[in-house]
């Protein structure tokens, strides 16, 4: 049966990024505007949706969801820690007769669970799958499961429709990516299982053209808002434009390993010099061993790098298959970034088998001593699809499978050298120091 018989041919796709309403770590609006940037998955899905569809996007971290909003199809992106909330949303929309599709990492690795709450799941990277899923929906023959057969090519990639994101809700909406996949294989990480153990790269000219185009439309949007908004809004926007901090000039590269290929980065960063932007990325810390490349990054506008430092213990790094991080080099690597005006934002993980209660204070002292501007602390979390999840399952160490607690803030397994309570208390302590 044709689901569109006898009706307007314009269809509406509602894309939802779930966020638990009772999240104790929920940021205030001002905090989000200071450090938060949106996930790119749904703007990408929007870009790969046929142009005759009306696409609307709601990020629940910054917006409210209207369950009675008119739509034909609902798509929900699901990270593991947001799975319970995603299932709640899916259930509410299905009660209203809507077809619901779930995609992302969690449905990919827990398909039978996810299918209990939706009509269809998309497993793996969705660029090649989504147009077919839409065509099948239009023809009334949508499948229960769409599985990626091979990784999508990144040539002629459609720019994510970040214009669908809520303005004034993030540090910047100007997010993009240059690479997919990671040739490292850290035990706790889902990137290499989900995106592949080799790195695919977008052509540099396409990345540069996208940045120029997005910067241009954001600037045009700001000018329009200055003309139509209040005097206070106009003055605020004008001040940001004057000092070069308006949204379009701040770019967040959301690659999981932006600096995976030196020659590629050299070409990209050299081309970015003329764009007059400030940018940040996720990088390996050992980029700091390469003064020439750090200088080029800074010259092209780099102001911040998130680095997966994870631990100041070589034993813990070896345990998680991250021996390429060398603790003895950390101080010099951090200094190299700082000497070029680049902030270092390390991700630190607590709960490795080598960790005891001393790890919290020693880690904090190291970060303070090296003048680290902003650190992100997490509890080691065995996410489905990772080698860590498989190992802890074999060892019988996982005691809590409430996915809402798989957010890097809650202990869900039994550590080796401290109790779960000691790990949880230490995590709370270091976050509040």
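Structural remarks
- The helices (runs of 4 or more DSSP H) falling completely within segment 103-215 that include 2 or more residues that are assigned by TED's automatic domain parsing to the domain that holds residue 59 and crowded, with 21+ Cβ neighbours inside 10 Å map to 105-109, 130-138.
- When residue 17 is tested against the conditions (1) under 22 Å from residue 104 (Cα atoms); (2) modelled with pLDDT of 95 or more; (3) more than 16 Å from the chain's Cα centre (by Cα), the lone failure is (3).
- Counting residues in segment 355-370 that are out of contact with any strand residue (DSSP E or B) (no Cβ under 8 Å at 6 or more places or on another chain), modelled with pLDDT of 95 or more and closer than 30 Å to residue 197 by Cβ gives one or more.
- Scanning segment 26-70 for residues that are at pLDDT 90 or above and in a helix (DSSP H, G or I) yields 41, 42, 43, 44, 45, 46, 47.
Yes/no matrix, rows are residues, columns are (1) closer than 26 Å to residue 386 by Cβ; (2) out of contact with any strand residue (DSSP E or B) (no Cβ under 8 Å at 6 or more places or on another chain); (3) in contact (Cβ under 8 Å) with a residue 60 or more places away in the chain:
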position	(1), (2), (3)
301	no, no, no
305	yes, no, no
308	yes, no, yes
311	yes, no, no
320	yes, no, yes
323	yes, yes, no
328	no, yes, no
331	no, yes, no
336	no, yes, no
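- Qualifying residue in segment 373-385 (condition: at pLDDT 95 or above, more than 20 Å from the chain's Cα centre (by Cα) and crowded, with 17+ Cβ neighbours inside 10 Å): no
- Taken over segment 385-399, the criterion of being more than 25 Å from residue 20 (Cα to Cα) and not in a helix (DSSP H, G or I) is satisfied by 396, 397.
- Test for residue 257: is it assigned by TED's automatic domain parsing to the domain that holds residue 378, part of a helix (DSSP H, G or I) and surrounded by 18 or more Cβ atoms within 10 Å (Cβ to Cβ): no
Quick grid of which residues meet (1) more than 27 Å from residue 87 (Cβ to Cβ); (2) touching a helix residue (DSSP H, G or I) at 6+ places or on another chain (Cβ under 7 Å); (3) in the same structural domain as residue 113 (by TED's automatic domain parsing); (4) not in a loop (DSSP other than H, G, I, E, B):
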{"residue": "383", "(1), (2), (3), (4)": "no, yes, no, no"}
{"residue": "401", "(1), (2), (3), (4)": "no, no, no, no"}
{"residue": "407", "(1), (2), (3), (4)": "no, yes, no, no"}
{"residue": "415", "(1), (2), (3), (4)": "yes, yes, no, no"}
{"residue": "418", "(1), (2), (3), (4)": "yes, no, no, no"}
{"residue": "421", "(1), (2), (3), (4)": "yes, no, no, yes"}
{"residue": "425", "(1), (2), (3), (4)": "yes, no, no, yes"}
{"residue": "428", "(1), (2), (3), (4)": "yes, no, no, yes"}
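- Of all residues in segment 222-274, those satisfying the criterion of being in contact with a strand residue (DSSP E or B) (Cβ under 9 Å, 6 or more places away or on another chain), at pLDDT 90 or above and more than 16 Å from residue 203 (Cβ to Cβ) are 251, 252, 254, 256, 257, 259.
- Options 297, 318; residue that is in contact with a helix residue (DSSP H, G or I) (Cβ under 8 Å, 6 or more places away or on another chain), assigned by TED's automatic domain parsing to the domain that holds residue 268 and either at pLDDT 95 or above or more than 19 Å from residue 269 (Cβ to Cβ) (or both): 297
- Residue within segment 72-82 that is at pLDDT 95 or above, over 30 Å from residue 386 (Cα atoms) and surrounded by 18 or more Cβ atoms within 10 Å (Cβ to Cβ) present: yes
- Taking segment 109-123 as the range and being closer than 29 Å to residue 155 by Cβ and touching a helix residue (DSSP H, G or I) at 6+ places or on another chain (Cβ under 6 Å) as the test, the residues that pass are 121, 123.
- Flag if residue 334 is more than 19 Å from residue 254 (Cα to Cα) and under 26 Å from the mean Cα position of the chain (by Cα): yes
- Checked against (1) free of Cβ contacts under 8 Å to residues at least 24 places away in the same chain; (2) more than 17 Å from residue 55 (Cα to Cα), residue 154 passes all but a single condition, namely (1).
- Of the numbered criteria (1) modelled with pLDDT of 95 or more; (2) in contact with a strand residue (DSSP E or B) (Cβ under 7 Å, 6 or more places away or on another chain), the one residue 157 fails is (2).
- A residue that is more than 25 Å from the chain's Cα centre (by Cα), in a loop (DSSP other than H, G, I, E, B) and not assigned by TED's automatic domain parsing to the domain that holds residue 402 occurs somewhere in segment 72-91.
- Residues of segment 312-331 satisfying the condition of being assigned to a helix (DSSP H, G or I) and under 26 Å from the mean Cα position of the chain (by Cα): 316, 317, 318, 319, 330
- Meets criteria (at pLDDT 95 or above, over 20 Å from residue 199 (Cβ atoms) and part of a strand (DSSP E or B)) for residue 309: yes
The values are calculated or read from the model by the stated rules, or taken from the named source; none is laboratory data. Just so it is clear, the model here is predicted, and its values are computed rather than measured. Cβ atoms come from the backbone with ideal geometry, glycine included; neighbour counts cover every protein chain shown.
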